[in-house]
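Working notes for the structure below.
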Amino acid sequence: MSPRILIVDDDPHIREVVRVALSKAGMAVTEAADGRAALIKFTDERPDLIVLDVGMPEFDGLEVCRRIRRTSQVPILFLSARDEEIDRILGLEIGGDDYVTKPFSPRELVARVNVILRRVATAGAHRTVEPDELIHGRLRLDPQQHLACFAETPLTLTALEFSILRTLMTRATVVFSREQIMTAAYQLNIQVSDRTIDSHIRNIRAKLASAGCEDAIETVHGVGFRLGRCGAP
């Protein structure tokens, strides 16, 4: 079955460019011209991935993402005409999986969409061979059901955040470089900046801190990251 992609942008030219590129890549595409319409389309059609513009009427892309994340971890790739770091970081921290700045190459956009879809499919294909549970301190992950909790408090993680945390938990005492985390989490060889990885790590820390875990991930300066004590005695 072809992947179902929802394109959300108030610029009809951008929607056409993205639609043509994704359709040529064998994907089934639907469109929405504003945030309110996007939420309706999402509810009705349950796409496999959303290409979501940040600046739109009737709820901007960030607000659409926030609302979708209340009930779903569907992958979201942001589009934005703004190239400021704070916008990219905010988009990732509220649950975006990737961020592409306009103007963009349609081929790169298709490549990034494929990377996300491959990562999600690979995670699903590997569930039967993963351990039933990963436990470190008071932190628990169930890879098969894609569930995470700290001290019985459920954690709402995006697919990418879950993948990063799972990577760290598989070898809890090992320091992972940003490159190793990127390779494990993204599956395919895609250019992702160190700041993108740092943004996801910061978001995971914040979610664990809100559940009562203040020492979730340690920074080893000049090297990378490793799992903290996570409430272990």
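The values are calculated or read from the model by the stated rules, or taken from the named source; none is laboratory data. Predicted model, so just to flag it, every value in this text is computed and none were measured. With ligands, DNA and RNA removed, areas are computed over all heavy atoms of the protein, side chains included. Shrake-Rupley method; radii C 1.70, N 1.55, O 1.52, S 1.80 Å.
To the nearest ten degrees, helix 159-170 and the longest principal axis of the Cα atoms of the chain are 20 degrees apart.
Quick check on the chain: helices-only [θ] at 222 nm, where DSSP H runs of length 4 and up contribute -39,500 (n - 2.57) each and the sum goes over total residues. Nearest 500, please. Helix contribution divided over all residues of the chain: -13500 deg cm²/dmol. Per residue, the accessible area of the stretch 15-112 comes to 45 Å², computed with a 1.4 Å probe over protein heavy atoms only. Annotation: amide H of residue 29 within the under-5 Å range of 5, sequence separation 5 or more or interchain, hydrogens built in the peptide plane. The share of accessible area on the chain that comes from carbon and sulfur is 50 percent, using a 1.4 angstrom probe.
Mean-square fluctuations from a GNM of the chain, with a 10 angstrom spring cutoff on Cα atoms, peak among 205, 171, 19 at 171.
When you restrict to C-alpha pairs under 8 Å that are six or more residues apart and normalise by the size of the chain, the relative contact order lands at 14 percent. Measure nothing fancy, just the Cα-based angle from helix 194-210's long axis to the longest principal axis of the chain, in degrees from 0 to 90, nearest 10. The angle comes out near 60 degrees.
Semi-axis lengths, largest first, of the ellipsoid equivalent to the stretch 1-56 are 17, 14, 7 Å, with √(5λ) applied to each eigenvalue of the Cα gyration tensor. Compared with the dominant Cα axis of the chain, that is its longest principal axis, helix 35-45 is turned about 80°.
Close amide H partners of residue 230, meaning residues 5 or more places away or on another chain with modelled amide H under 5 Å apart, are 215. Taking N as the residue count of the stretch 15-100, its C-alpha radius of gyration divided by 2.2 N^0.38 Å amounts to 1.03. Would the chain count as rounded, prolate or oblate if I go by the C-alpha gyration tensor, calling it rounded below 1.5 in a/c and otherwise prolate when a/b exceeds b/c, oblate otherwise? Verdict is prolate for the chain.
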